[in-house]
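Inspection log for the structure reproduced underneath, given as structure tokens.
The values are calculated or read from the model by the stated rules, or taken from the named source; none is laboratory data. What you see is a predicted model, and the numbers here were worked out from it, not measured in a lab. Every residue, glycine among them, receives a Cβ derived from its backbone with ideal geometry; neighbour counts consider all protein chains shown. Quick note on the areas: whole protein, heavy atoms, side chains included, nothing else; ligands and nucleic acids left out. Shrake-Rupley method; radii C 1.70, N 1.55, O 1.52, S 1.80 Å.
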Amino acid sequence: MENTKHKNLPNPIKADRKNISVFRMKNRPHFSSGTGSYPSQYLLSCVLLFFGCFHIFICVCASEEEFPKEKCEAALPECDCEEGYMDVVGLNCSNLSDFANFSKTLSDGSVFKVNTTYDIILTGVRALPRGFLNGLIVERLYIDDIQTEVVEDGSFDGMLKLKKFQVHLSSIKEIPDFRSVRATLRNLNLDNSRLTSISGDRLKNLTNLQTVSFVNNSIQSVASDAFEGTENIMIFDLSYNQLSALPQNLFNSWKKLSKVSLTSNQLLHVDQLFAVARPQLIFLDHNNLTDLDSIFHPNMYEVHTLLLSYNPFSKITENSFNGKVKNVSFLYMDHCLIPEFNASHFKDLSLLSTLDLSYNRIENVTNQTIRFGSGHGLELIFVGNKIKEFNVDLSYKVRRLNLNKNLLPSVSRSLQYSQILDVNMAENRIETLGPEDFHGVQGIQSIDLQNNLISKVDNFTFRSIRRDLVYLDLSRNRIRSLQGCVRNLYLLTSLNLTGNMIESFEEDEFQGLDELLQLFLDGNPITSLGNEMQRLTQLQYLSIINNKIFTLKPEQFPKTLKFLYFEGNPFKCDCQLLPFLQYLNSSSVETDGPLCTPSNQTYIMPPAKCPDRCNCFCTHNKDKHFMSVDCSYAELTELPRLFNIEYSSTAKENCSWMAIHLPRDTKFSQSGPFAIEDEIKGVNFSHNKLQSLEEAHLPGGMRHFILDNNHLQKPPLSLLYSLENLSNVTLSGNPWSCDCDLLSFKEWILYKSEFVTDANETRCGSEFPELNGRVIWSLTDMDFCPVNTGSSKSLAIGLLSFFLVVAVAALVLIVHWTKVKMWLFAHGITCFHEYGIIQNKEAENLLQMNGLENQQRGRGEDSMANFPLPNDDLFRQEHPGEGTESYRDGNSSLQEPPMDRLSTDRCVSLTAQSKLPV
């Protein structure tokens, strides 16, 4: 369609197309070399096309004038001027006082064109004066200031047009006079103000008024004729007022009424309010209505949504809804006093999509069959009742069932043979789950069983629905083991196990969860994730908050992971955790906070710092991770102070532990570097000039001890024997002094040969030329301690002679033991316990032969030897009555000597004159 402004101008584009078509009709493959007209016509067409496009561009640019923002704000300093949509100018004015200048500036064309449409926001204005918008076209007048108290009569006089009058907040007490704009006003919002009633003629005959909103005032009454002549109202909202009743015929003339909101009033009845009007949306919640049967009338087929919550309804009958609102889709009756559920009360509601009976007084739902509801699926909501048994034939109608916050002891037969999609049975008293709970269920996608008492889940619980289930919530229960119940849930995308008692996972616990995207494991006593997460090849979100996990490994997580939340775990920021920290640095995984930040706490014994000229890092041996100190090639002549026994005994730091810092590349880099602390279990002093380790003090848990290529001659044996956990030792390249003192060193090398990696290169030094360069462990004891050969022979002969003499003496002693014993006895050396021990004739002759008589005579009178033992007869005559025991030997009767003269424990010395009794 041609532009009317340029309809008399030639169309260069059409002319160009004509010339091009003529040129193409001359179907010659080449141009003439003469002065033919074909090339010139083509060139002329291009020139005309260029000037035509340029002309159009100039015209368009000329029609788009720049918005005069600066000019507007200079003329109206109280306002911010903005270019709006559809040629509407936006003005946000604060503390405006000169309304005459305001309306004149906007209407005289000095800033904007005459008859420009404005969107005006006013704040900081106490009163709107008469004719303050004279001569203006206003799309919307918006007031949002509690200071605004008065809209004077005639305020809208002289306005050319006002479509929307909206008050969001004010102190206005009376409805303004809109009669001067009655033909143009369409939206009237006077919310959050101080109106107390609706009466008078200020709202009459507003023929184009479509929306009326007086929300959150203090309106107590509405006059029956307040809206006389105003018959095109579509939305009527008097929510949050103090109405106890409304005129019965208020809505009768409103044929286009689609929404009525009377929420949060004090209505006791609305008996005939909807006898004629047929709104689609009726909101009557938070009132004092009791009679449900009187609210609705027959054939209210237009009603789509009914909000009846928070009313003291105590019963529903078959006349409440049947035959009245059969096309209703959403029916909300939560927080009432309804004691029972009867499916027949809703049998005519064939299009019902949602029935909400939450927080009523329903205790049992049994022997019911759901035959009402939409063909697209019905949602039943029974949240917060006291239901202990739910035995309902859900058939194919019910697609969503919400039974959370009830008293159900089990799932039981609640869902059997249904085609339900979504089940919520959270916060009940369910203790176990078994395969019979979901028997015959088809198409179920979501199950929410959080906050129950579930402690056991059978292995086959979800087997019948394993190809349907997408969402499963078992959080906040008492589950210790899943027992494989979630295996092979092929379509499951979200699994929530938060707040249970799970400590670990069985092998193949998550097998077959090929579509799982989200896994929540918060608030469990899990100590290790194991390797089960690797099976979740689609996992993107993993939450392990508030567990008991000490360490993590990068190989535990799938490559698809995007979010990992681990706050509240007692992580040990040691070398074992370091690979995971490096994984966070190098991957794009988002976390919930920084991990292993430098601590500000005060240690009793803080960890040591890396010694000068040394490099400290984490290393590992098999599955053991620890801190290593590498001081190799540092030209050390003595050990670093950290490993000196004198320093370690007085140091104020823990010489067995070390702290290092590593750069953090994640989004939490502002938290500082990663701080790693671990036990020192590896030291490398190789390729230095150490001559002695006598003052060395190393942590007892050492595993790696590298000493090769130094100047050591004497091994630190006491140190080596104290390090019982060594697994890697190097000793080569040192000039070991292979003398007798090195025998124990050789034995230690042989004992630890498995860990001395360079044992075959550990050789003697040049101190003993004959042993220089020889492998220490291969030397014999004689090599270490050679001795003189002659001296060795003499020593051997002497020892042999000694042992021979001892053997001969022992043999003689054994053969002549009795004689030796008598000889000793005769010389007063041997002690005898019995007086009659020597009785045989041989002993008597021996005593006589020894000639002891002369020797005994020279002894003192007090000696026992001066008193020869008398014979028995003489002794009894001289000492009558002494001795009480007697014995007989042959023909002689012997009497034991008195105990005071001869004790059985005394040594007796005999002379030649003594005569033993026979």
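Values computed for the structure shown
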quantity: Residue list for the stretch 709-743, filter: over 49 Å from the mean Cα position of the chain (by Cα) and open to solvent by 70 Å² or more (accessible area, probe 1.4 Å); calculated: 711, 713, 714, 741
quantity: Residues within the stretch 496-508 that are under 16 Å from residue 454 (Cα atoms) and surrounded by 15 or more Cβ atoms within 10 Å (Cβ to Cβ), tallied; calculated: 6
quantity: Positions within the stretch 460-494 being in contact with a Leu (Cβ under 9 Å, 6 or more places away or on another chain), within 22 Å of residue 505 (Cβ to Cβ) and open to solvent by 30 Å² or more (accessible area, probe 1.4 Å), in sequence order; calculated: 466, 470, 471, 478, 487, 488, 490, 491, 493
quantity: Extreme residue, farthest from residue 159 (Cα to Cα), among residues of the stretch 90-106 that are touching a Cys at 6+ places or on another chain (Cβ under 7 Å) and open to solvent by less than 10 Å² (accessible area, probe 1.4 Å); calculated: 93
quantity: Residues located in the stretch 339-382, provided they are out of contact with any Phe, Trp or Tyr (no Cβ under 6 Å at 6 or more places or on another chain) and among the β-branched types (Val, Ile, Thr); calculated: 366, 369, 370, 381
quantity: Matching residues, the stretch 194-208, being assigned to a loop (DSSP other than H, G, I, E, B), β-branched (Val, Ile, Thr) and either more than 19 Å from residue 181 (Cβ to Cβ) or touching a strand residue (DSSP E or B) at 6+ places or on another chain (Cβ under 6 Å) (or both); calculated: 196
quantity: Subset of the stretch 175-224 that is of a type in the set (Gly, Ala, Ser) and surrounded by 15 or more Cβ atoms within 10 Å (Cβ to Cβ) - its residue that is farthest from residue 153 (Cα to Cα); calculated: 221
quantity: Condition check for residue 294: surrounded by 20 or more Cβ atoms within 10 Å (Cβ to Cβ) and either on the phi > 0 side of the Ramachandran plot or polar (S, T, N, Q) (or both); calculated: no
quantity: Tally of residues being open to solvent by 40 Å² or more (accessible area, probe 1.4 Å) and not in a loop (DSSP other than H, G, I, E, B) across the stretch 308-335; calculated: 2
quantity: Residue match in the stretch 744-767 (condition: in a loop (DSSP other than H, G, I, E, B), open to solvent by 70 Å² or more (accessible area, probe 1.4 Å) and without any contact (Cβ under 8 Å) to a residue 12 or more places away in the chain); calculated: yes
quantity: The stretch 336-364 residues that are open to solvent by 10 Å² or more (accessible area, probe 1.4 Å) and basic (Lys, Arg), paired with ones that are assigned to a loop (DSSP other than H, G, I, E, B) and modelled with pLDDT of 95 or more (beta carbon under 6 Å, 6 or more apart); calculated: 361/339
quantity: Residues located in the stretch 519-555, provided they are over 21 Å from residue 573 (Cβ atoms) and β-branched (Val, Ile, Thr); calculated: 537
quantity: Of all residues in the stretch 510-538 being more than 15 Å from residue 487 (Cα to Cα) and touching a helix residue (DSSP H, G or I) at 6+ places or on another chain (Cβ under 8 Å), the one that is surrounded by the most Cβ atoms within 10 Å (Cβ to Cβ); calculated: 529
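Per-residue answers, yes or no, for (1) touching a Phe, Trp or Tyr at 6+ places or on another chain (Cβ under 7 Å); (2) within 30 Å of residue 549 (Cα to Cα); (3) open to solvent by less than 40 Å² (accessible area, probe 1.4 Å); (4) not hydrophobic (A, V, I, L, M, F, W, C):
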position: 599; (1), (2), (3), (4): no, yes, no, yes
position: 631; (1), (2), (3), (4): yes, no, yes, no
position: 639; (1), (2), (3), (4): no, no, yes, no
position: 646; (1), (2), (3), (4): no, no, no, yes
position: 664; (1), (2), (3), (4): yes, yes, yes, yes
position: 667; (1), (2), (3), (4): no, yes, no, yes
position: 670; (1), (2), (3), (4): no, yes, no, yes
position: 677; (1), (2), (3), (4): yes, yes, no, yes
